[in-house]
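In what follows, a single structure is set out as C-alpha cells and then discussed.
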Amino acid sequence: MVELAWLWLRHQPKSALAIWFKERVAKNAGRMKTPMIVALARKLLVALWKYVSSGVVIEGAIMKAA
C-alpha cells in the first residue's frame with residue numbers, strides 16, 4: 001500500500017489525497033514524511049474500497065476509460 005501511495009502521488013498530483021499529503025508534509029517541514037505516507041496509504045485504501053464497493057470516485061482523480 002505504501003508503494004501504491006507513492007505512485008498515487010506521482011500519477012495523481014491534483015487529487016484531494018495528494019494535496020492533503022503535500023500540505024501536511026509542508027506544514028511539518030518534511031520531517032514527518034514517512035508517517036504521512038503511511039497515513040496516505042490508509043486513506044487511499046479506504047477511498048479505493050469506497051470506489052469498488054459503491055462506485056464513489058476519489059475526489060480530484062483523473063480516470064481513463066478502460
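The values are calculated or read from the model by the stated rules, or taken from the named source; none is laboratory data. Predicted, not measured: the structure shown is a model, and the values here were computed from it. FYI the Cβ positions are ideal-geometry reconstructions off the backbone, even for glycines, and counts take in every protein chain you see.
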With criteria (1) out of contact with any helix residue (DSSP H, G or I) (no Cβ under 9 Å at 6 or more places or on another chain); (2) hydroxyl-bearing (Ser, Thr, Tyr); (3) surrounded by 13 or more Cβ atoms within 10 Å (Cβ to Cβ), residue 53 comes up short on (3)
What's the total number of residues in the range 44-66 that are within 14 Å of residue 12 (Cα to Cα) and of a type outside the set (A, V, I, L, M, F, W, C)? 3
Selection count, the range 23-46, where residues are part of a helix (DSSP H, G or I) and either in contact with a Lys or Arg (Cβ under 7 Å, 6 or more places away or on another chain) or modelled with pLDDT under 95 (or both): 9
For the range 1-46: of the residues being small (Gly, Ala, Ser) and exposed (fewer than 12 other Cβ atoms within 10 Å of the Cβ), which is nearest to residue 61 (Cα to Cα)? 26
